[in-house]
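These notes are about the structure you will find just below.
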Amino acid sequence: MTAISCISLVCPVGYTPASAAAAMRARIPVFEELMYLDRGGQPLRGARVEAIPPETRGRDRLHALARLAIEQIDGEVAALLPWGEMPFLLCTRDADMPGARINGILAGLMAPNGAPLAGRRSFHITNGQISAFVAVEQARRLLNERNAEACLIMAIDSLIDARSLSWLDNRMRLKTSQVTDGLIPGEAACILVASKRPIVSGSLRLRGLGFAIETATAGNEDPFRANGLSAALKAALAEAAVQMHEVAFRLSDVAGESYAFEELVLAQVRNMRQPRLEEQPVWHAADCMGDCGAAAGLVQFAWAEQAFKRGYAPGELAALHGSSMAFGGRAAALVST
């Protein structure tokens, strides 16, 4: 068994998992005009963490997000964890995507008990939107093969960066004054603990994981059938020994592009083997805070955990989806309480 619990979430709609989940459940958006302009000279809209000044940019912004995430860890929860002994996995943007420098973003940051945040066993995962899923799989291996009791997973990303915004705008993937079928940039930092047994009450239980590669990405003209996400979801369902119609609800990192919505529907349809009498809703955190990049996957885990813990989940089983639109990585996870 692999137990997963979110111990910190800092994002545009909240600075704790509970407050952020409440805002997302209520569909409260926090979009505003940013300091950046699109190719047409019009201000871009996005969702930023208000506690970090707009003039804090680049690596300093990522460092500030990481610092806030550590500061927001509840003291009672922090006392239960073996800080300094847990393998540490850091999730950041895709290696090929331009953005702020990553080196040094954890400099000077300490765990709540004063121990180094990154212990002797540290891993850097650069798979963008599917980084969280890759980290959970790596953590599961560490728990099973290296006799670790718990692993610390941290995801930090901000698309509110001139290099990232320019790269997306040049590929017509940003929602701008000229492009309506695009994403809205956001940012977040999130910390999860994966362990052999629940350390925190209300932890998620990981039921299945699946990965695949999609060749028909948003950047080419290949025929699109959602082969990647369908295969990843199929693998997760197989490991969990359940069928698609048994999934009560789904969470996704879809952030506004019609390509991504079509992929999500196709992946569902291609794995549905018998009708589901009740609805199977899809929750999108991006509706409230835009695309949080590498942090989007952990946000899904955090929201699912809060939904189960607070009794508003529409069923006992949730499917999570991760898609790197530009680079082809696809992932899916099945979780329950």
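Table for the structure above
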item: Every residue from the stretch 199-237 that is among the basic types (Lys, Arg), surrounded by fewer than 20 Cβ atoms within 10 Å (Cβ to Cβ) and modelled with pLDDT of 90 or more; result: Arg205, Lys234
item: Any chance Val299 is within 15 Å of Ala21 (Cα to Cα), touching a residue at least 24 places away in the same chain (Cβ under 8 Å), surrounded by fewer than 17 Cβ atoms within 10 Å (Cβ to Cβ) and of a type outside the set (S, T, N, Q); result: no
item: Among residues of the stretch 180-200, those that are more than 17 Å from the chain's Cα centre (by Cα) and either in a strand (DSSP E or B) or free of Cβ contacts under 8 Å to residues at least 12 places away in the same chain (or both), counted; result: 2
item: Residue count, the stretch 1-21 (criterion: open to solvent by 20 Å² or more (accessible area, probe 1.4 Å), small (Gly, Ala, Ser) and either touching an Asp or Glu at 6+ places or on another chain (Cβ under 8 Å) or in contact (Cβ under 8 Å) with a residue 40 or more places away in the chain (or both)); result: 1
item: Subset of the stretch 51-61 that is open to solvent by less than 20 Å² (accessible area, probe 1.4 Å) and in contact with a helix residue (DSSP H, G or I) (Cβ under 9 Å, 6 or more places away or on another chain) - its residue that is nearest to Ser203 (Cα to Cα); result: Ile52
item: Count - residues of the stretch 62-99 that are out of contact with any strand residue (DSSP E or B) (no Cβ under 6 Å at 6 or more places or on another chain), among the aliphatic types (A, V, I, L, M), surrounded by 16 or more Cβ atoms within 10 Å (Cβ to Cβ) and within 30 Å of Asn170 (Cβ to Cβ); result: 2
item: Residue within the stretch 158-168 that is polar (S, T, N, Q), in contact with a Pro (Cβ under 9 Å, 6 or more places away or on another chain), buried (at least 21 other Cβ atoms within 10 Å of the Cβ) and within 19 Å of Val10 (Cα to Cα) present; result: yes
item: The one condition in (1) under 28 Å from Ala333 (Cβ atoms); (2) open to solvent by 10 Å² or more (accessible area, probe 1.4 Å) that Ala47 fails to fulfil; result: (2)
item: Filter pass, Ser323 being surrounded by 22 or more Cβ atoms within 10 Å (Cβ to Cβ), under 30 Å from Gly219 (Cβ atoms) and either at pLDDT below 95 or out of contact with any Gly (no Cβ under 9 Å at 6 or more places or on another chain) (or both); result: yes
item: Output for the stretch 310-337, where each listed residue is within 18 Å of the chain's Cα centre (by Cα) and more than 20 Å from Ala286 (Cβ to Cβ); result: Leu334, Ser336
item: Test for Met272: is it at pLDDT below 95, within 14 Å of Ile130 (Cα to Cα) and open to solvent by 10 Å² or more (accessible area, probe 1.4 Å); result: no
item: Residue tally, condition over 25 Å from His63 (Cβ atoms), open to solvent by 10 Å² or more (accessible area, probe 1.4 Å) and either touching a residue at least 24 places away in the same chain (Cβ under 8 Å) or charged (D, E, K, R) (or both), over the stretch 23-40; result: 7
item: Long-range neighbours under 7 Å by Cβ, at least six apart or interchain, first residue open to solvent by less than 70 Å² (accessible area, probe 1.4 Å) and at pLDDT 85 or above within the stretch 102-115, second among the hydroxyl-bearing types (Ser, Thr, Tyr) and assigned to a loop (DSSP other than H, G, I, E, B); result: Ile102/Thr92
item: Residue that is touching a Phe, Trp or Tyr at 6+ places or on another chain (Cβ under 7 Å) and of a type outside the set (Phe, Trp, Tyr), where the choices are Leu251, Leu264, Leu298; result: Leu251
item: Residue within the stretch 249-256 that is assigned to a helix (DSSP H, G or I), acidic (Asp, Glu) and either open to solvent by 40 Å² or more (accessible area, probe 1.4 Å) or in contact with a helix residue (DSSP H, G or I) (Cβ under 6 Å, 6 or more places away or on another chain) (or both) present; result: no
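For every residue, the table says whether it meets (1) in contact (Cβ under 8 Å) with a residue 12 or more places away in the chain; (2) farther than 18 Å from Ala248 by Cβ.
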| site | (1), (2) |
| --- | --- |
| Val269 | no, no |
| Arg273 | yes, no |
| Cys288 | yes, yes |
| Trp303 | yes, no |
| Ala331 | yes, yes |
| Val335 | yes, no |
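The values are calculated or read from the model by the stated rules, or taken from the named source; none is laboratory data. Just so it is clear, the structure is predicted and the values come from calculations on it, not from any experiment. Because the Cβ atoms are built from the backbone with ideal geometry, glycine has one as well, and the counts that use them run over all protein chains shown. SASA here: full protein model, heavy atoms, side chains in, ligands and nucleic acids out. Shrake-Rupley method; radii C 1.70, N 1.55, O 1.52, S 1.80 Å.
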